[in-house]
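A.B. asks: Below is one structure. I have some questions about it.
The values are calculated or read from the model by the stated rules, or taken from the named source; none is laboratory data. Predicted, not measured: the structure shown is a model, and the values here were computed from it. Ideal geometry is used to build each Cβ from the backbone, glycine not excepted, and the neighbour counts take in all protein chains shown.
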Amino acid sequence: MPGDGVADDITDIQRHYVGYAEAEEDRLSRHPIEFTITRRYLEQHLPPDGHILEVGCATGRYTVALAERGHTVTAVDLTPELVERCEANVRRAGVEGRVSVHVADGRDLSEVPGDDFDAGLLMGPLYHLVRREDRQLAITQVVSRLKPGAPFFSAHISRYGAMADVMKKIPDWAEDRDRLEYFMANGHEGDFHPRDGSFRGYFATPDELPRLHEEAGLETVTVAASDPAGTAIEATYQQLPDHLKQIWLDVLFRMSAEPSYRGAWCHMLYIGRKP
């Protein structure tokens with residue numbers, strides 16, 4: 001557990017995504033609000049062009065969008081099966097000249113080339129690194145490769161916002177009171193969770209994110225929510241005509257950085273800048 005000096009074995013996370021690769025391929029299509037709000041923040045804070053380091057690229061949804069916008073992207077993921085899908089999606093989009101894709105653990109980017117990036121994205125690894133020192137190590141690995149003044153983005157699962165999804169999918173999970181209390185206090189399930197390749201995650205609170213990133217050398221710009229809690233809003237959103245979708249996206253984007261609300265959404269986005 002945290003602090004014992006032994007590197008956390010995350011091969012169970014890799015196995016999880018081998019079995020989940022098909023669902024990961026269209027996850028952001030199933031959650032368009034998250035994708036659109038995150039893209040708005042990227043477009044708001046990224047430079048107009050430049051070289052981006054993206055760690056946790058998965059199947060390349062953001063990779064392709066960034067390359068199509070004119071950026072050069074070095075994309076990294078832990079799972080070879082996801083990297084293969086990312087490469088295929090990059091080729092399909094015709095942007096392979098702007099993208100290089102690598103297999104690596106976000107805690108060790110020593111084999112990934114480049115050390116002068118214009119922006120850094122950490123868009124998945126922090127979902128799964130349950131040890132604080134591992135989360136900070138992954139952040140530091142990216143920050144150390146950035147130019148001064150470069151923006152940094154990281155994605156997180158909300159500890160409380162995700163509970164609506166847990167209640168929907170595995171309602172009996174809360175019957176184990178010891179497990180529930182441990183999770184609420186620590187943001188993960190510790191030894192209650194079997195390492196069998198299923199989802200083992202870290203669930204953050206908005207208040208902890210500035211300090212975590214500032215200890216890695218970043219200046220905080222904002223912490224924002226990136227998707228509404230639960231699936232009811234998304235199901236309703238999908239049925240709206242296009243003009244109402246646009247209006248509601250504007251409303252949700254305006255709400256996303258409201259401190260009293262951001263921890264109630266399923267995912268959060270930290271935005272910082274290297275001094």
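A.B. asks: It is to be established whether one or more residues within segment 202-221 are over 30 Å from residue 148 (Cα atoms), surrounded by 15 or more Cβ atoms within 10 Å (Cβ to Cβ), of a type in the set (Phe, Trp, Tyr) and touching a residue at least 40 places away in the same chain (Cβ under 8 Å).
C.D. replies: Going through segment 202-221, the residues over 30 Å from residue 148 (Cα atoms) turn out to be none.
No, there is no match, as no residue in segment 202-221 is over 30 Å from residue 148 (Cα atoms), surrounded by 15 or more Cβ atoms within 10 Å (Cβ to Cβ), of a type in the set (Phe, Trp, Tyr) and touching a residue at least 40 places away in the same chain (Cβ under 8 Å).
A.B. asks: Do you know which residues across segment 247-275 are β-branched (Val, Ile, Thr) and either assigned to a helix (DSSP H, G or I) or in contact with a Cys (Cβ under 7 Å, 6 or more places away or on another chain) (or both)?
C.D. replies: Of segment 247-275, the ones β-branched (Val, Ile, Thr) are 247, 251, 271.
Of everything in segment 247-275, those that are β-branched (Val, Ile, Thr) and either assigned to a helix (DSSP H, G or I) or in contact with a Cys (Cβ under 7 Å, 6 or more places away or on another chain) (or both) turn out to be 247, 251.
A.B. asks: Of the numbered conditions (1) farther than 20 Å from residue 159 by Cβ; (2) surrounded by 15 or more Cβ atoms within 10 Å (Cβ to Cβ); (3) not hydroxyl-bearing (Ser, Thr, Tyr), residue 254 fails exactly one; give the number of that condition.
C.D. replies: (2)
A.B. asks: Right, another one. Looking only at residues that are at pLDDT 85 or above and surrounded by 16 or more Cβ atoms within 10 Å (Cβ to Cβ) in segment 189-201, which one is farthest from residue 133 (Cα to Cα)? Lay out the reasoning, then the answer.
C.D. replies: From segment 189-201, those at pLDDT 85 or above are 189-193, 200-201; that's our starting set.
Next, only the ones that are surrounded by 16 or more Cβ atoms within 10 Å (Cβ to Cβ) stay: 189, 193, 200-201.
Values: 189: 17, 193: 20, 200: 17, 201: 15 Å.
So the residue we want is 193.
A.B. asks: Please state which one of 103, 99, 76, 112 is more than 27 Å from residue 266 (Cα to Cα), crowded, with 24+ Cβ neighbours inside 10 Å and in contact with a strand residue (DSSP E or B) (Cβ under 7 Å, 6 or more places away or on another chain).
C.D. replies: On the way: 103 fails: crowded, with 24+ Cβ neighbours inside 10 Å; 76 fails: more than 27 Å from residue 266 (Cα to Cα); 112 fails: crowded, with 24+ Cβ neighbours inside 10 Å.
The match here is 99.
A.B. asks: Restricting to segment 256-275, give me the number of residues that are in contact with a Phe, Trp or Tyr (Cβ under 8 Å, 6 or more places away or on another chain), hydrophobic (A, V, I, L, M, F, W, C) and modelled with pLDDT under 95. Before you say what the answer is, go through the steps one by one.
C.D. replies: Taking segment 256-275 as the starting set, the residues that turn out to be in contact with a Phe, Trp or Tyr (Cβ under 8 Å, 6 or more places away or on another chain) are 256, 263-264, 269-274.
Adding the requirement that they be hydrophobic (A, V, I, L, M, F, W, C) leaves 264, 269, 271.
Among the residues that remain, those that are also modelled with pLDDT under 95 are: 264.
Selection size over segment 256-275: 1.
A.B. asks: If you don't mind, there's one more thing I want to ask. Residues of segment 231-246 being assigned to a helix (DSSP H, G or I) and exposed (fewer than 11 other Cβ atoms within 10 Å of the Cβ), which ones?
C.D. replies: In the first step, residues of segment 231-246 are kept if they are assigned to a helix (DSSP H, G or I); the result is 232-238, 242-246.
Correct list: 235, 242, 243.
A.B. asks: Moving on. Given the conditions (1) farther than 26 Å from residue 7 by Cβ; (2) part of a loop (DSSP other than H, G, I, E, B), report the number of the one that residue 166 does not fulfil.
C.D. replies: It fails just one condition, (2).
A.B. asks: Based on what the data block shows, is residue 53 assigned to a helix (DSSP H, G or I), in contact with a strand residue (DSSP E or B) (Cβ under 6 Å, 6 or more places away or on another chain) and within 24 Å of residue 141 (Cβ to Cβ)? Outline the logic, then answer.
C.D. replies: On the way: assigned to a helix (DSSP H, G or I): no; in contact with a strand residue (DSSP E or B) (Cβ under 6 Å, 6 or more places away or on another chain): yes; within 24 Å of residue 141 (Cβ to Cβ): yes.
Criteria not met by residue 53.
A.B. asks: Filter segment 27-48 for residues that are of a type in the set (A, V, I, L, M) and assigned to a helix (DSSP H, G or I); which is modelled with the highest pLDDT? Spell out how you get there, then give the answer.
C.D. replies: To start, the set of residues in segment 27-48 that are of a type in the set (A, V, I, L, M) comprises 28, 33, 37, 42, 46.
Now drop any that are not assigned to a helix (DSSP H, G or I), which leaves 28, 33, 37, 42.
On the way: 28: 72, 33: 91, 37: 94, 42: 98.
Filtering first and then ranking leaves 42.
A.B. asks: Please specify each residue of segment 222-248 satisfying the condition of being in contact (Cβ under 8 Å) with a residue 40 or more places away in the chain and farther than 25 Å from residue 119 by Cα.
C.D. replies: Step one: of segment 222-248, the residues in contact (Cβ under 8 Å) with a residue 40 or more places away in the chain are 222-231, 233-234, 237-238.
Across segment 222-248, the qualifying residues are 228, 229, 230, 231, 233, 234, 237, 238.
A.B. asks: Do we have any residue at all in segment 174-188 that's within 24 Å of residue 142 (Cα to Cα), acidic (Asp, Glu), modelled with pLDDT of 95 or more and not in a loop (DSSP other than H, G, I, E, B)?
C.D. replies: There is no residue in segment 174-188 that is within 24 Å of residue 142 (Cα to Cα), acidic (Asp, Glu), modelled with pLDDT of 95 or more and not in a loop (DSSP other than H, G, I, E, B).
A.B. asks: Pick out the one residue from 83, 73, 18 that is over 13 Å from residue 123 (Cβ atoms), in contact with an Asp or Glu (Cβ under 8 Å, 6 or more places away or on another chain), of a type in the set (A, V, I, L, M) and free of Cβ contacts under 8 Å to residues at least 60 places away in the same chain. Steps first, answer last, please.
C.D. replies: Working: 73 fails: over 13 Å from residue 123 (Cβ atoms); 18 fails: free of Cβ contacts under 8 Å to residues at least 60 places away in the same chain.
Going through 83, 73, 18 in turn, the sole match is 83.
A.B. asks: Additional query: Given the structure, is residue 37 buried (at least 18 other Cβ atoms within 10 Å of the Cβ), in contact (Cβ under 8 Å) with a residue 12 or more places away in the chain, more than 24 Å from residue 236 (Cβ to Cβ) and among the aliphatic types (A, V, I, L, M)? Can you show your working first?
C.D. replies: Values: buried (at least 18 other Cβ atoms within 10 Å of the Cβ): yes; in contact (Cβ under 8 Å) with a residue 12 or more places away in the chain: yes; more than 24 Å from residue 236 (Cβ to Cβ): no; among the aliphatic types (A, V, I, L, M): yes.
Here the answer is no, as residue 37 does not meet what is asked.
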